[in-house]
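What follows is a set of notes on a single structure, which appears directly below.
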Amino acid sequence: MASVDLPTPPETARTSPKPSSASPIPSSPSTASATSTVPAIPKPYEVPKISLVNRFIDQPRELNVAVIGAGLAGVLAGILLPAKVPGIKLTIYEKNADVGGTWFENVYPGVRCDVPAHVYQSTFDPNTQWTEEFAQGPEILAYWKGLARKHDVYRLLKLSQKVEALDWDPASSQWLISVRDLKTD
């Protein structure tokens, strides 16, 4: 950051007005008198030093972001955040061995969506070939895995990594993430 000293205007720039032959302005109706004068302008104040950031306002800066979970919202974050936020360094922590969230975890017979399948898809890359209006779990999971592959979300993933704690460090103004590697535990 650069420090900038702003100059103080010369004393001659801030002087009291010269008395004129016009009648003085009363300070208030109750205290007005023929001898009232215009109050003096105060002396210049000291201009504080200010710090300026030494970069353009639209120049992206590195921004570290963590997303916890690679379910539907995590996959969408992995697609949209890098596209919309220049300079982002995104990491997605997922406790499971793959993306999909609830559709990865729930594999019982007959698992399916309880709302029309088109509600469970992205607006920018929709599936027009759902086999049923209320799609089954494996079909929904395949759609979200395919979306993650197509948009290269896997490069951002830390799979089998369970976030166990988040702690704010006021000294560094950062969150500290405690992660347990489920592959080695």
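Every number here is computed from the coordinates shown, using simple stated rules; none is lab data. Just so we're clear, the structure is a prediction, and the values are computed from it rather than from any experiment. Reconstructed Cβ throughout: ideal geometry from the backbone, glycine too, with neighbour counts over all protein chains shown.
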Extent of the stretch 63-181 along each principal axis, from alpha carbon coordinates, in Å, largest to smallest? 54, 31, 21
Using 0.36 nm per residue, how much length does the chain from Glu132 to Ala83 gain when fully extended, once their Cα-Cα distance is taken away? 14.5 nm
Computed label-point distance, nm, for sites Val179 and Asp167 using a 7 Å Cα→Cβ extension: 1.8
Take every DSSP beta bridge with both residues inside the stretch 63-181 and express the antiparallel ones as a percent of the total, to the nearest 5. 50
What is the gain in length, in nm to one decimal, between Glu62 and Lys49 on full extension, counting 0.36 nm per residue of separation less the C-alpha to C-alpha distance? 1.9 nm
I need the phi-derived Karplus couplings for the stretch 59-71: 6.51 cos²θ - 1.76 cosθ + 1.60, θ = phi - 60°, integer Hz, Gly and Pro marked x. 7, x, 10, 5, 10, 7, 10, 10, 10, 9, x, 10, x
